Amino acid sequence: MNFKRITLSMAVLSLVSIAGCASNDELIATQEQQQQQITQLQSQIERVEQKTQQQEQAIQSASQKARVALAEQAAIKEQESRHYVIKENDTLYSIAKEYQMTIDALMQLNTQISNPKRLLIGSTIRVK
């Protein structure tokens, strides 16, 4: 990870700057302390990565459940729709009024209607 490189670079820089002013024993003690810090940081990074993976899995699971729920809702909505066979003298207005719908709602359910003024007798449309 990028964070690991930065930590290691900082440790090396610290050692270089201390090298000019400290004895070998002090350098060794400082180096050991920095190595412990690096080890602690690495284990913290590993814990964060594990938590991130767990959260990603939870998100994927929730996303899959949401997709299934949406598909089920769409299927239910489709089943809730009813069909109407167009008869002589029917208009979208009369059909919409009969089923307590707006003409726009009727048109949205029936995108196959290209000309709302020309309904073919015997054709089937969806209504609610």
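The values are calculated or read from the model by the stated rules, or taken from the named source; none is laboratory data. Nothing here was measured: the structure is a model prediction, and the numbers come from that model. Note that we place each Cβ from the backbone using ideal geometry, even for glycine, and neighbour counts take in every protein chain shown.
The table below lists the values:
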item: Residue count, the stretch 96-113 (criterion: of a type in the set (A, V, I, L, M) and either assigned to a loop (DSSP other than H, G, I, E, B) or surrounded by fewer than 10 Cβ atoms within 10 Å (Cβ to Cβ) (or both)); result: 2
item: Per-region count, the stretch 51-95, residues in contact with a strand residue (DSSP E or B) (Cβ under 8 Å, 6 or more places away or on another chain) and part of a helix (DSSP H, G or I); result: 1
item: Single match in Ala75, Ala29 (criterion: without any contact (Cβ under 8 Å) to a residue 12 or more places away in the chain, surrounded by 11 or more Cβ atoms within 10 Å (Cβ to Cβ) and among the hydrophobic types (A, V, I, L, M, F, W, C)); result: Ala29
item: Residues of the stretch 39-59 classified as within 26 Å of Ser9 (Cβ to Cβ) and of a type outside the set (Val, Ile, Thr), total; result: 10
item: Single match in Tyr84, Tyr93 (criterion: among the aromatic types (Phe, Trp, Tyr) and surrounded by fewer than 14 Cβ atoms within 10 Å (Cβ to Cβ)); result: Tyr93
item: Val85 touching a His at 6+ places or on another chain (Cβ under 8 Å) and outside the structural domain of Ile6 (by TED's automatic domain parsing); result: no
item: Any hit, the stretch 71-85, residues being closer than 30 Å to Ile103 by Cα and within 18 Å of the chain's Cα centre (by Cα); result: yes
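For (1) at pLDDT 90 or above; (2) assigned by TED's automatic domain parsing to the domain that holds Thr124, each residue gets a yes or a no:
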| position | (1), (2) |
| --- | --- |
| Ser17 | no, no |
| Glu46 | yes, no |
| Gln54 | yes, no |
| Gln57 | yes, no |
| Ala62 | yes, no |
| Gln100 | yes, yes |
